[in-house]
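The values are calculated or read from the model by the stated rules, or taken from the named source; none is laboratory data. The structure displayed is predicted, hence computed values, not measured ones. Note: ideal-geometry Cβ built from the backbone for every residue, glycine included; neighbour counts use all protein chains shown. Just the protein is used for accessible areas: all its heavy atoms, side chains included, with ligands, DNA and RNA removed. Shrake-Rupley method; radii C 1.70, N 1.55, O 1.52, S 1.80 Å.
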Amino acid sequence: MKHTISVYVENKPGVLARIAGLFRRRGFNIHSLSVAPTENAAYSHMTIVVDLEDKPLEQVVKQLHKLINVIKIHDYLPEEVVERELALIKVNASSEVRAEVIEIANIFRAKIIDVSRNYLTLEVTGTEDKISAIIALLKPYGIKDLVRTGKVAVARGQATE
Amino acid sequence: MKISGAQAIVKSLEYLGVKDVFGIPGGATLPLYDALADSKIINHYLMRHEQCAAHAADGYARASGKIGVCMATSGPGATNLVTGIANAYMDSIPIVAFTGQVPTHVIGTDAFQEADITGITLPIVKHSYLVTDATDIPQIVAEAFYIASTGRPGPVLIDIPRDIQQQFIDYHLIEKVTLPGYKPTIKGHARQIKESAKLILESKRPVLLIGGGIITSGASEEVFKLATTHRLPVTWTLMGKGGFPENHELSMGMIGMHGTKTSNMAVQNCDLLIGAGVRFDDRATGNVARFAPHASIIHIDIDPAEVSKIVKASVPIVGDARTILKALNEYLSEFEPKANHEGWLSQIKKWKKNYALRVPRDKILKPQLLVHTLKKMTAGMEIIVTTGVGQNQMWAAQYFNMEKPRHFISSGGLGTMGFGLPSAIGAQVAKPDALVIDIDGDGSFQMVLQDLATIACYNLPVKIVIINNRYLGMVRQWQQLFYKGKYFAVDLEKGTPDFEELGRAYGIRAKSVKEYSQLEKSISEMLSHEGPFILDVHVEKEENVFPMVPAGAALDEIIGGEAK
Ligand SMILES: Cc1ncc(C[n+]2csc(CCOP(=O)(O)OP(=O)(O)O)c2C)c(N)n1
Ligand SMILES: [Mg+2]
């Protein structure tokens, strides 16, 4: 099962290594991880999606709390968060299929951000499922390159009030 | 007035009350040692291996309750500390390790004697620092001491590049440390304490299990009060030894793989297990799935991550063990102690009688008899025992009864051979008036014997009692019991030096004993000798440690332990 945790950490060197090391050592699987500065320069924010096979989420959170540089942790149930991921997809779009690819992009509200003779590069944001769906549809045309950011998440209005 | 980073380190240490440090210098710590040389307060003990410096700091901390400090140069000096740091980490011992690092401008270039020690030690420290600006030194040292010694204690490493040690700064005192992400819980939750009290009053078959947390938090008196008021039989982990007086009628002995049959049976049959300052290590619990199957479990520990990590607690209480037990005792004082478990106590009494640890009486040099005799002949003295790892350690734990905390010093979580001698050095430095005895194994001792030089150099009156079985005995025991007696790579007969000669080489009085008839006389000679002493006792080679719970078995599937 996948869980999203939101972690505020001190913006100090080595913090990412401590967190990654902890996950590795304790046998917790990181599905995705994204790090970014916050409005306060002293802190960074991480969205970590953990894949929990047999380790309880409670252990992950408690062990994370033991790191001195970790300030605050929220673990959210899927229904408590709004989450998004962004993907850049470079797909084969030679003249015979270009119209079809554009149509798929439109359905998913993907933006075309680069065009060349044989390729289109799409930018798509959405839930993980949505991203996976567009990738599945584009696959038969030939995906040349694909980069996903991993999920970022924020609590829904109610969850924090 | 401006001072160097190195001087700032020394000044910070002095301000924090450090009197003794253990280490070995090198290129990357030359400035630090130059500043240290000028300190009128701090004694530096020059060790012969950095691993021993870390273990000495560890033993110092365990014996005194203060923070142990060790130092090493960059690269190999720092990597030599690793075992010692891991050992302190596993047993939650507060040490602060200082390492020199190559100058900042060459970090990352594979410079001479560069090792990424903050990276290497990441999984075995409570916290660590790589100092990049000497201005931060007072703050970092203060934080390191605060982090190492509060909450669940542990090792903290400070890596300081040589140029940072030479950078001049305005020194400022740090009086108070506050860290946004670090606030250990001290007080237990009141509702949980009430809930525990209820369980204690209702229990018909209670057991109190104490661990290293009791020693760390200084909770022995509260443990004593709780146990005696409510007539709770007490068992302990290796780390909890000394937390409750062993000669007390409520004492059942150690739990676990080489615990007493009484303790193990009691835990398997109890209806309430109060685990205080314990983490339910596998050596203590045996097969976890079948551990204490009939019990409600009250788990008291300062580390929230330990609660329900291994064993699901019915009543978890996070906080400092002493504070919690004090509150529990206070709350319980409002009730008449029910102690409605006379049947249980008499059952335990019966087990204790039937399963008492046996002292071989056949007057041959058995290791158990050695430890028993040593205990008997030092009764009433202020003794600190340290141990090696293996059979020697288990016999020391089984047969050297302890009445007080901080007097039994042993490598629990990591099981580090070689811990006995250097931890004895640290303990002796911390407690100059105590009689420090390292009960060691011939194999363990040989991993660290170069530090006999340290003992000789500072004339530390450490007594080293080697349980000499000419074997890596514990491994041999497992090969005998579980690998069809195929002994491989465990024989120390060849190559082991004559320890009497070895002592002589270091200028340390030494004596080898090969007959039971010489034992008491030799022990007296050792005890009356003022300086250090090596007592090398050639014991029965193939003696095994019993009772024993085989790996993977439940605690009541214990082999041996019946009195004959
Ligand atoms: C550093 C280290 N290496 C290996 C081991 C594995 N080990 C555990 S006990 C033991 C034998 C110890 O021999 P000795 O010190 O002579 O003690 P004895 O069991 O004979 O009393 C060994 C090799 C260990 N615990 N620590
Ligand atoms: Mg041996």
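What the table shows:
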{"item": "Pairwise FRET efficiency - B:Ser314 versus A:Asp129, Cβ, R0 = 51 Å, nearest 0.05", "result": "0.80"}
{"item": "Packing rank of A:89-99, B:530-540, B:114-124, where each peptide gets the mean count of other beta carbons within 10 Å, highest leading", "result": "B:530-540, B:114-124, A:89-99"}
{"item": "Loop trypsin sites (Lys or Arg not before Pro), the stretch B:263-342 (other Cβ atoms within 10 Å of the site Cβ: 15 or fewer; DSSP)", "result": "B:Lys312, B:Lys338"}
{"item": "Computed label-point distance, nm, for sites B:Lys404 and B:Asn354 using a 7 Å Cα→Cβ extension", "result": "3.7"}
{"item": "Within 10 Å of each Cβ in A:11-22, the average number of Cβ atoms from other chains", "result": "2"}
{"item": "Order by protection proxy (mean Cβ within 10 Å, highest first), peptides B:451-463, B:172-184, A:76-88, B:152-164", "result": "B:152-164, B:451-463, A:76-88, B:172-184"}
{"item": "Distance between modelled label sites at A:Glu79 and A:Glu58, nm, 7 Å Cα→Cβ extension", "result": "2.2"}
{"item": "Percent antiparallel among DSSP beta bridges (both partners in the protein assembly as shown, rounded to 5)", "result": "45"}
{"item": "Peptide-level mean, for B:299-305, of C-beta atoms on other protein chains within 10 Å", "result": "3"}
{"item": "At least 40 Å² accessible surface lost relative to isolated chain, residues of the stretch B:94-131 (1.4 Å probe)", "result": "B:Leu122, B:Pro123, B:His127"}
{"item": "Value of Rg to Rh for the stretch A:1-160 (Rh from inverse mean 1/r over Cα pairs, i.e. Kirkwood)", "result": "1.06"}
{"item": "Label point 7 Å beyond Cα of A:Lys144 along Cβ direction - residues of the stretch A:105-136 with amide nitrogen under 12 Å", "result": "A:114-122"}
{"item": "Loop-resident sites, the stretch B:277-349, for GluC sites (Glu not before Pro), counting at most 12 other Cβ within 10 Å (DSSP)", "result": "B:Glu334"}
{"item": "Amide H contacts of A:Ile71 (H built 1.01 Å from N, under 5 Å, at least 5 apart or other chain)", "result": "A:Tyr8, A:Val9, A:Glu10"}
{"item": "Per-pair calculated FRET efficiency, R0 = 60 Å: B:Arg361 and B:Lys2 via Cβ, rounded to 0.05", "result": "0.25"}
{"item": "Whole-number percent relative contact order across the stretch B:367-538, with pairs defined as alpha carbons under 8 Å at least 6 apart", "result": "21"}
{"item": "Mean accessible surface per residue for chain B, computed with a 1.4 Å probe while every protein chain stays in place, in Å²", "result": "39"}
{"item": "Accessible surface of the protein assembly as shown, 1.4 Å probe, proportion on carbon and sulfur as whole %", "result": "52"}
{"item": "Cα-based convex hull volume of the stretch B:2-170 per residue, rounded to whole Å³", "result": "92"}
{"item": "For the protein assembly as shown, Kirkwood radius (reciprocal of mean inverse C-alpha pair distance, Å)", "result": "28.3"}
{"item": "Residue-by-residue Karplus 3J(HN,Hα) for the stretch B:430-444, coefficients 6.51, -1.76, 1.60, Hz, glycine and proline x", "result": "5, 10, x, 8, 7, 8, 9, 10, 8, 8, 10, x, 4, x, 4"}
{"item": "Helical contribution to [θ] at 222 nm, DSSP H n ≥ 4, -39,500 (n - 2.57), averaged over the protein assembly as shown, rounded to 500", "result": "-10000 deg cm²/dmol"}
{"item": "Zone residues, the stretch B:433-447, relative to B:Glu501, backbone N less than 20 Å from point 7 Å out along Cα-to-Cβ", "result": "B:442-447"}
{"item": "Net +/- balance of residues flanking A:Ile131 in space, Cβ distance below 13 Å, scoring K and R +1, D and E -1", "result": "+1"}
{"item": "Built amide H within the under 5 Å cut-off of A:Lys144, gap 5+", "result": "A:Lys90, A:Val91, A:Asn92"}
{"item": "Interface area, A with B, accessible, probe 1.4 Å, both sides summed, Å² nearest 100", "result": "1400"}
{"item": "Loop sites in the stretch B:1-80: trypsin sites (Lys or Arg not before Pro), DSSP, at most 14 other Cβ within 10 Å", "result": "B:Lys40"}
{"item": "Förster-model FRET efficiency, 60 Å R0, B:Gln166 and B:Asn340, C-beta, rounded to 0.05", "result": "0.30"}
